[in-house]
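Visitor: Before anything else, here's the structure in question.
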Amino acid sequence: MIRFLLLFSRQGKLRLQRWFTAISEREKKKIIRDMTTMVLARQPRSCNFLHWKDLKVIYKRYASLYFCLAIDNQENELIALEVIQRYVELLDKYFGNVCELDIIFNFEKAYFILDEFLIGGEIQETSKQMVNRAIEASDMLQETMEEYMSKPAF
Amino acid sequence: MSDVVEKTLTALPSLLSLDSHSGATKLSSTSKLGNLIRGITELTSKHEEEKLVQRELVSIKEQVSSPNTSMRQMKELMVRAIYCEMLGYETSFSYIHAIKLAQQGTALEKRVGYLAVSLFLNESHELLLLLVNTVLKDLQSTNLIEVCMALTVVGQMFPKDMIPAILPLVEEKLNHPKEIIRRKAVLALYKFYLIAPNQVQHIHNKFRKALCDKDPGVMAASLHIYLQMIQDNPEGYKDLTASFVTILKQVVGGKLPMDFNYHSVPAPWLQIQLLRILSFLGKNDQSSSEIIYEVLDESLRRAEINHNITYAILYECVKCIYTIHPKSELLEKAAKCIGNFVLSPKMNLKYLGLKALTYVVQQDPKLALQHQMTIIECLDHPDLIIKRETLELLFRITNAQNVTVIVEKMLEFLRVNKDDYTTIDLVGKVAELAEKYAPDNEWFIETMSTVFSVGGDVMQPDIPNSFLKLLSEGFDSVEEDRKLRLFAVDSYVSLLQGEPGKLPQRFLQVISWVLGEYSYLSEELEAATVLRLLAKLLDMKSTSSETKSWVLVAMTKLCEGGAGVSVAQEVCETYSSSLDTVLRQRAQELQHLSQDCELRARVLPRDAGLEPLEVDSSLSFLDGFVSEALAAGAAPYKPPHQRQEELAQSKALSLEPYGLSLPISMSSCSIADRQSPTLLSVSSGLSGDSPDLSHKGGSTTLKLDGVKRVWGREGYLSQREPVEESAHVEVPSPLRSPSQQGEAESSHSQTPATTPTPQPEQEKQQLASSLFVGLGSHSSVCLMGKSEPTTQRFRRKAKGPVSPSAASEQISNSLVSTPSTANDLLCNNLLDSSVTSELSVSSPEQTSQLSQGPAAANGTCDVELTDGDVKESSPSLVGGNSVVAADPAPHEDPDRPEGLCLNTHLPAELSGLCHSEITPLCSNQSLDLSACHVQKEDSLALVVFIYNSSDSDIQQILLELDSDELEVSCVCDSAVQGARSHSVAVCQYSLTVKRPSVHVEVVGMVSYQFPVGTPQSVQFSYKLPLTGFIRPLTVSTEEYGTMWLDFSHDTKQKLTLISDGQEPLADTLNVLKKKLQLHVVEIIGMEGIVACRLLRDQPCLMHCRLHAGTLSVWLRSPVPDLPDCLMYHCQRALQEH
């Protein structure tokens, strides 16, 4: 099971956080601090897995953004790495050539996508089309409304 | 989805009426968040950011609480609040508004509301209860999107107590026509299962329905639940094994819609999930495993694209293959897979390869040997994670011979490691290895000192505890105990003379205990000196009061003589008025005992640590006192829980019982608080241990609780009962002579870090040989599967193997000093390592190479098969060499022809008998020693060939053999005097077994002299399995029956059955018969009886029975240990089959 997912920039600024187990605010802050220092200190070309207490931390860097995932010990590290990859693909598909700024300014969208992909720390849907369809269905609603409202008809 | 959109469109007018500002607000709001983000990114200091965000929060707070704020604005405000929260600011004021938004907003706003709730709150947050109604409403909504949102939030988090409220609704959704709803419902149920498994017990059959859902997404979601349930109780779901296999087959075969492909691999997540489920189902279950084999094979075959995701699947397959009941073909493929991982240039794969190796190395040590050079490289890898994983792997293959090198590597890592969690873990491992395999006293004490200084105060408390226990209990030899303790004292004194301020508290406690207990052992050390050193500790600011009380106790044991007493008095003055009651108590004890020598000698007799500490936990010494008290009218004692119960029951009648119970509790109090502490400390003093030992019995009886309260802290051995002491970790019983120890020292310095060798390759090779030494024998222990005692017994007896390594080091040292070509050096090193390591690597072609030689020459016979260890020792040199860029020819040349020609030197009377392969023992520039053993009817003949490779004759060759387990007698006519240049001298010895052991070993020394020059000597050892001494015993079934009852030593175990043929029992017994030379007496139905003897007159009987696919074996013999050893060989023989 995935315990948490963090996105942070190269400067250590948190961009997204999703906690799949109940953790106190204090503990969260500590974990975020630990993760950023640990991951940012990694040399390039070293392996993408780390140990943190009894958890395994899987991280991957995309341009200036680090994706960092903590999983249970018996879980498969490589597939966790692909979870990150798949999430990035989903973001990419939604935003179209996603960059850090997309996620900064539309972080709630990034959360919505994540929630269609992972639920309670497990993969919900592995089919890219399905996730997108779900997002689009919700978005369509939004866009229709926005279109409707931006019309200066009344 | 179009219907949804339609519905929403119809709702739009009402939406708009709510939102009076319409489009203009929307634009400004987006820019509001944008402005905030931009504003923050433009700032340079943290302080400025804080000011800006606080300002922002104030305005958000104002707006959210204003009644005029529309839901639409609220949504925008929530997004901003989420952002601020992410930056680490407190936004708890907005939580309730998030819930309100989820409740009152329309679709869009609701969504943000739910998101905010799921980000702000966690399962245990009380506000979450307010969400339950909203969720209930949305679950019943006709709007699909609302249902989806509700299910999503339920799957993320939901208060445990409220599950029953929504459970029926969620269950209902399992039948929903839309697959996305069904899927989310299944995931919500999964969440429920995780947080409250018994709440969803009644709907297990609905899970099955989900598993059979026509939509693969729903089916995949149900696997989460199944994985969890099967992990908790694999027995309950065995019937599903075939279904999971079928699903996996379909997935692997590409039967799912293309939609589920990921990088053209079909549904990898699904595959991995299924593989994990299957490995739980197949674990320890042969029949289930058999169903799984085929699909595993298929998965391995299909996963061939070179992409991360296929490696993920492969890795899971490998894990599964090693978890379920083993199948050799699959194991082979899995091993190959692991090889690919380990050798991969990609760090991630290398890491996983190492991890997989760690996982399988106990089952399959050969794998570690194959990859030894990679492992060595990883050991010095710049990436600490890889390094750490390598150490983990090495930890699993540690044995008595490579322990020094491995521990050195671990300590090296510990010194640079910063992470506490890793330190705790690794320190524990080092301590474990040190206790198990320490080669000598000095090493043990030094290693433990490093452990204590590095592990400091974070390490597990049982490390110092068991160390002290070990010191105080000692082992077999009194002299060795003395040496060990003396060495500890000496090294601790020098530590205290250095900078004790830097040492961690725990270490100081250990030091003071050891000094208090054993410093009298050192003759040149005066008690007063130690006392002063200890007193210095008391003065240090950093010393904790716990440590101080340890120090005071140590001083109490030591204070004698004028100087000592005066130091003690000084200390007493300071601490007898200490505010800390424990310290005060200790100081008082010190004061009294330092003045009264006689009392001190009685209370703290010297070296009484060996005496078993008897804690009278029944407190029988108080009997007199108790009966007096009873006679005087006191009420009988009641334990506190009883008292409390009674108190609770009689609360209503408080007055009367209260008056009565008061004196009772006072009397029991007086026993607990006043009397027992003194009595106990005296009793502990009598047994001569640290007062802390008196807490040993603390947990058993109530009255001792009083003691704890008085002392105010836990005793350091509080959790251990004296009874348990016999089952304690065993310790190195250093058997080696001082000279050998000296050589061991030199072998320490052979690690690459300290030996500057010109060739890095050779350095690695050396490291490899020191790391992987003895792996074969170690693995064989692990192959036994379990039984720690066997391991330890084995180890004790196999103590010898340390000395051969010392011997070979000696030789290689001498080689370094003489000018020789690099090739020679390498070759000799390899030879050495092969002798020392007895590695049992044998790749098929290597074995065939060898069997061409000696086996063909002397006619193959069954015996050769049994002597796996002996025979396979040379292949390891091939295996090691293949990694190095050295030419394989040079080592084979001196080796093979020699083996061939040595055959002709075999004594004539032995030439007709089966003999083992001739194994090189050791060699230097003038001598090559080889040996083989020959099975005779009532003994085993050991033939040693001494080949003089020098150009001059050797005189006065003297061969001395010795063994712990064997009786060695020289066959008189074979005494050798000398060997001419380039000729062979042969010595023959007859071996019989004194004491059975899994492997027996002969240690020997050849001393010789050249016509000119000083006498020289070479040491060697020859190890052979016990099977060489086993002979068939021909008895009838009746005789067997009478013998069976007479024998007292027995052992039982389940062995794997050879089940390829029609008659598994007969097949299995035949294999044993062939490999171990047993005599099959009779096979009756499901049972079989077998007999053998150890040489002439030590019978061993075996009774086998087929039981549930395994062979229950019962061995009996009049000889102790023989059944265990034989069981081991049976197991091994069957596994090798």
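Just so you know, all these numbers are worked out from the coordinates, no wet-lab data involved. From a predicted model like this one, the values you see are computed outputs, not experimental measurements. Glycine also receives a Cβ, built like all others from the backbone with ideal geometry; neighbour counts cover every protein chain displayed.
Visitor: Tell me, what is a quarter of the convex hull surface for the C-alpha atoms of chain A, in nm² with one decimal?
Guide: Result: 10.7 nm².
Visitor: Moving on. Give the peptides B:182-195, B:212-225, B:417-430 in descending order of average Cβ contacts within 10 Å, highest first.
Guide: B:182-195, B:212-225, B:417-430
Visitor: In which sequence would A:Phe112, B:Phe507, B:Phe475 go, from the one with the fewest C-beta neighbours within 10 Å to the one with the most?
Guide: Starting with the residue having the fewest Cβ neighbours, the order is B:Phe475, A:Phe112, B:Phe507.
Visitor: Where does the Debye-calculated log10 I(q)/I(0) of segment B:318-424 sit at q = 0.10, 0.12, 0.13, 0.18 Å⁻¹, using only Cα point scatterers of equal weight, no solvent?
Guide: -0.29, -0.41, -0.48, -0.87
Visitor: Rounding to the nearest 20 debye, state how big the charge dipole of segment B:385-502 is about its Cα centre with +1 on each Lys and Arg Cβ and -1 on each Asp and Glu Cβ.
Guide: Here segment B:385-502 has a charge dipole of around 280 debye.
Visitor: Hey, what did segment B:271-348 get for relative contact order, percent, Cα under 8 Å, at least 6 apart?
Guide: 36
Visitor: Across all directions of projection, what mean area in square nanometres is found for the Cα convex hull of segment B:939-1021?
Guide: 5.5
Visitor: What are the radius of gyration and Dmax of segment A:21-67, computed over its Cα atoms and given in Å?
Guide: Here Rg and the maximum Cα pair distance are 11.6, 34 Å.
Visitor: If we restrict to alpha carbons, what Rg and Dmax does segment B:1005-1055 come to, in Å?
Guide: Computed over the Cα atoms of segment B:1005-1055, radius of gyration and Dmax are 23.2, 67 Å.
Visitor: Could you state the principal axis extents of the C-alpha atoms in segment B:417-551, from the largest down, to the nearest angstrom?
Guide: Taking max minus min along each principal axis of the Cα atoms, segment B:417-551 gives 41, 41, 21 Å.
Visitor: Next question, about the same structure. Using Stokes-Einstein with the Kirkwood hydrodynamic radius over Cα pairs, what translational diffusion coefficient do you get for segment B:384-491 at 20 °C and a viscosity of 1.002 mPa s, in µm²/s rounded to a whole number?
Guide: Answer, rounded: 150 µm²/s.
Visitor: Evaluated at 25 °C with a viscosity of 0.890 mPa s, what Stokes-Einstein diffusion coefficient in µm²/s does segment B:930-974 have when Rh comes from the Kirkwood expression over alpha-carbon pairs?
Guide: Translational diffusion coefficient: 191 µm²/s.
Visitor: List the extent of the Cα atoms of segment B:22-155 along each of their three principal axes, largest first, rounded to whole Å.
Guide: That gives 49, 37, 24 Å along the principal axes, largest extent first.
Visitor: What FRET efficiency, computed as 1/(1 + (r/R0)^6) with R0 = 25 Å and r the Cβ-Cβ distance, is obtained for B:Asp161 and B:Gln231, rounded to the nearest 0.05?
Guide: Efficiency computed from Cβ-Cβ geometry: 0.50.
Visitor: Taking only the alpha-carbon atoms of segment A:93-133, what semi-axes of the equivalent ellipsoid follow from 5 times the gyration tensor eigenvalues under a square root, in whole Å, largest first?
Guide: Semi-axes (√(5λ), whole Å): 19, 12, 7.
Visitor: Taking the Cα centre of chain A as origin and charging only Cβ (+1 Lys, Arg; -1 Asp, Glu), how large is the dipole, in debye to the nearest 20?
Guide: It comes to approximately 860 debye.
Visitor: Compute the semi-axes of the equivalent ellipsoid of segment B:179-315, taking the square root of 5 times each eigenvalue of the Cα gyration tensor, and list them largest first in whole Å.
Guide: Over the Cα atoms of segment B:179-315, the ellipsoid semi-axes are 24, 19, 12 Å.
Visitor: Here's a follow-up. Working only with C-alpha atoms, what are the Rg and Dmax values of segment B:108-204, expressed in angstrom?
Guide: 12.4, 36
Visitor: Would you calculate the convex hull of the Cα atoms in segment B:69-121 and tell me its volume per residue in Å³?
Guide: Cα convex hull per residue, to the nearest whole number: 61 Å³.
Visitor: Follow-up question, since we're still on this one. Taking every pair of Cα atoms in segment B:954-1098, average 1/r, invert it to obtain the Kirkwood radius, and report Rg/Rh to two decimals.
Guide: My calculation of the ratio gives 1.16.
Visitor: Ranked highest first by the average count of other Cβ atoms within 10 Å around their residues, in what order do B:764-771, B:565-572 fall?
Guide: For the peptides B:764-771, B:565-572, the packing ranking is B:764-771, B:565-572.
Visitor: Hey, what's the Kirkwood Rh for segment B:1019-1099 if you take every pair of different alpha carbons, in angstrom?
Guide: 14.3
Visitor: If you only keep lysine pairs separated by 8 or more in sequence, or across chains, how many in segment B:362-469 come under 26 Å at the Cα atoms?
Guide: Qualifying lysine pairs in segment B:362-469: 14.
Visitor: Quick check: from the Cα gyration tensor, does segment B:119-170 come out rounded (a/c under 1.5), prolate or oblate?
Guide: It is prolate, given that a/c is not under 1.5 and a/b is the larger ratio.
Visitor: I would also like to ask the following. Evaluate the charge dipole of segment B:210-275 about its Cα centre and quote only its size in Debye, nearest 20, assuming +1 on the Cβ of each Lys and Arg and -1 on the Cβ of each Asp and Glu.
Guide: Result for segment B:210-275 is approximately 220 debye, rounded to the nearest 20.
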